[in-house]
Amino acid sequence: MDNIEVPEYFICPISLQIMKDPVTAITGITYDRECIEHWLFEFEGENMICPVTKQALPKDSDLTPNHTLLRLIQAWCITNASMGIDRIPTPKPPLNKFHVLNLVKGLWVPKLQLKTLKKLEVLAMENERNMKYMVEAGVVKAMVTFIIACYKKKETTGLEEALSILHLLRSVEKKIVQDENCQIIDALKWVLECDWDNKVTVKNHAVLLLKTITGKADSGVLERLKVEFFERIIQVLREGISQQGIKAALQVLLDACPWGRNRIMMVETGAVFQLIELELGSPENRTTELILGVLFHLCSCADGRAQLLSHAGGIAVITKRILNVSPAADDRAMMIISLICKFSGTSWVLQEMLRVGTITKLCMVLQVDCASYLKDKAREILRTHSNVWKNSPCVDAPVLT
């Protein structure tokens, strides 16, 4: 094929490949449908422009199938088949909103439910255009309603497909039906409790959806979370279903942390201990930032600090992360050390900090190029307990004055 000269007008300006489904934008430029639809999807909500002419494209810009060009491309492919050119099949008619609406009706017919869900899942996986039409046709609300119905009946048939569809549509629909948030949260908590053959995928989808919901939920929803909810999230961290799932679970905890009642429940479920165990596994930087973010909130209460101090590696792992991960991690780790020193700074705790190198690390903060407020915080901690640490060889006298 390298020796064959492909007509220039057969080539998509975006992919630089032979077009399989040529469509013409209102600017008069022809693109492969998949490429231009992906372009429009990526820039939706912004100032969309034609990639070639740079002219503005309306939000719901029409793409006209270029049947003449498609026939020319197909004929050329057939003529050059002996040279290794694959035939371009006639593309399927694009999905539309009305087709999806008719399909969704089958969701409420028991005999058609599973078949309908599988068809919707395949459509969602095909391209962004299908996902957009599915959102416009109310598929997100339909899936939420279906999952809640499964939860109430304790029925799992079709649940895996429904979760997969909602997971796929998250990138298009940023907000899961607000007025049903409490019910869908309870339903997803139940999903995390169930035994699944495809455990990793199903639970991963469930916790990612919880992340989407809690990230957009109002305070009324987050204030009504129950201890059983946090037990399920901590179990996800314990099971370690996937890196993506762990980060989503941590973000859920972080979103719930601003409410004192939630922090108390997290501590009661052993969250601090589990977070330290997770951090001792040396996770990736973003996971560490999330862990330290949650730990900072939980250490604002006495029981949270006590749980951290009861873990043999608690102070040590927090100390180790300072100056070793990112500025965000430095901030959270330093604040955790500050809270412990201020409210739980017993003689044993201060000696433990000396033993595991916390004092050495605080002195390093004063010497390296980092944010001035971190230096101020390190200096404050060192000065507050100078009577205990003054004989440490790493602490210069001027620091403690």
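Using alpha carbons only, the radius of gyration of region 234-371 set against its Kirkwood radius gives Rg/Rh = 0.95. Taking amide hydrogens as placed 1.01 Å from N in the peptide plane, the amide H of I49 sits under 5 Å from those of L57, each at least 5 positions away in sequence or on another chain. Here is the list for region 128-170: GluC sites (Glu not before Pro) lying in DSSP coil, each with at most 16 other C-beta atoms within 10 angstrom of its C-beta, are E155. When the chain is described by a simple charge dipole with +1 on each Lys and Arg Cβ and -1 on each Asp and Glu Cβ, the residue from C257, C77, L374 located farthest towards its positive end is C257. Spacing of the modelled spin labels on K216 and T346, each 7 Å from Cα toward Cβ, amounts to 4.7 nm. Against the longest alpha carbon principal axis of the chain, how many degrees, from 0 to 90 and to the nearest 10, is the axis of helix 159-169 turned? So the helix axis and the longest Cα principal axis differ by about 90 degrees.
Here, P(r) means the percent of Cα pairs in each 10 Å bin from 0 to the largest distance; for region 325-370 it is 25, 55, 20, 0. With contacts taken as Cα pairs under 8 Å and at least 6 residues apart, region 133-263 reaches a relative contact order of 23 percent.
Here the simple spin-label model places points 7 Å from the Cα toward Cβ, and for I85 and E228 these points are separated by 6.4 nm. Here the label points at E136 and I4, each 7 Å from Cα along the C-beta direction, are separated by 3.6 nm in the simple model.
Our summary gives the chain a relative contact order of 8 percent, counting only alpha carbon pairs under 8 angstrom and 6 or more residues apart.
The heavy atoms of F296 present about 40 square angstrom of accessible area, all protein chains included, probe 1.4 Å. Taking the Cα centre of the chain as reference, the dipole from Cβ charges on Lys and Arg (+1) and Asp and Glu (-1) amounts to some 900 debye. The phi-based Karplus calculation (6.51 cos²θ - 1.76 cosθ + 1.60; θ = phi - 60°) puts the 3J(HN,Hα) values of region 300-308 at 6, 10, 4, 5, x, 5, 4, 5, 5 Hz, whole numbers, x for Gly and Pro. Which residues does the label zone of Y373 cover in region 328-363, counting backbone N under 17 Å from a point 7 Å along Cα→Cβ? The answer is 328-339.
Per-residue ellipticity at 222 nm, computed for the chain from helices alone with -39500 (n - 2.57) per DSSP H run of at least four residues, works out to -19000 deg cm²/dmol. Applying both filters, DSSP loop and at most 14 other Cβ atoms within 10 Å, to the trypsin sites (Lys or Arg not before Pro) of region 226-307 gives K226.
The values are calculated or read from the model by the stated rules, or taken from the named source; none is laboratory data. Please read these numbers as outputs of a predicted model, since none were measured by experiment. Please note: Cβ atoms are built from the backbone with ideal geometry, for glycine as well, and neighbour counts cover all protein chains shown. All accessible areas refer to the heavy atoms of the entire protein, side chains included, with ligands and DNA or RNA removed. Shrake-Rupley method; radii C 1.70, N 1.55, O 1.52, S 1.80 Å.
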